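Notes follow once the structure below has been shown.
None of the figures in this text is laboratory data; all of them are computed from the coordinates on show. Quantities reported herein were computed from a predicted structural model and do not represent experimental measurements. Cβ atoms come from the backbone with ideal geometry, glycine included; neighbour counts cover every protein chain shown.
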């Protein structure tokens, strides 16, 4: 099997393998799957294609399960495109808010809502993404409410109290400042939240610039809960409008703000709710039946989740979108 690793016509030389791993190759044909053999492939590839007689053989690599999806397509290879992962790296940036002020009743502080950053981190790392965390200023603090039941389970509490856990290392000692990052290093942007996001994301030009660059290169943008506060500032250069203009998105509900007894405080502080922010940017808002139900939406290359329960499903949607982009970006056309 020849690996296509170049956009140049007629180049079917085997790719140079500097570091490789063994994968299980699974053939899917006419609805049946059969384990074929094990194959060593280079670490840098997420997909490849080849020609075998009158069939196009397209392979998609799942790094998290160490399995390969092999599809046989009738036709003739007429041209090739460079695999998308060369343009949009399988590396994600999780944005966190740098605001850490007291806004809740009884003087509790808002900040990074713990599981809204943790759950996407777990999903993305399990899917084979390299992940960085960054805020606009390079600093952050946790939302006090997010560190209490029912928002923090036993296993999540254990992570919080384990300074050596990879997530805690990332957010405590390796947190990046947006302006220090190379935008081209990332292919997936995910804005975690907490009410804090309403205070700094609309003015977070560094984070917005990274997300815009990822979008322009064909990558994925995701948010959860109050994270959509950043979306109006991510502008599509082709339209001059926010990337969510004309799309359906979700985010934290007004009902949820009332449950938190925070809506009046937000209005006094002059911050804009998620619903008002996204509709002003030309998006359509959709919410769940219950304020804290797991609810997420895919709209093109934008994925959004409603609340703390939705961070995982929103990130999973983003991974699916990214994998499809890789698949179709690498798939050669047949005559």
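Please arrange 108, 119, 226 by counting, for each residue, the other beta carbons lying within 10 Å of its beta carbon, fewest first.
Lowest count first: 108, 119, 226.
Kindly put 248, 273, 148 in sequence by how many other C-beta atoms sit within 10 Å of each C-beta, fewest to most.
Taking fewest neighbouring Cβ atoms as first place, the list is 148, 248, 273.
Which of 98, 179, 299 comes first, and how do the rest follow, when ranked by fewest Cβ neighbours within 10 Å?
The fewest-first ordering by Cβ neighbours comes to 179, 299, 98.
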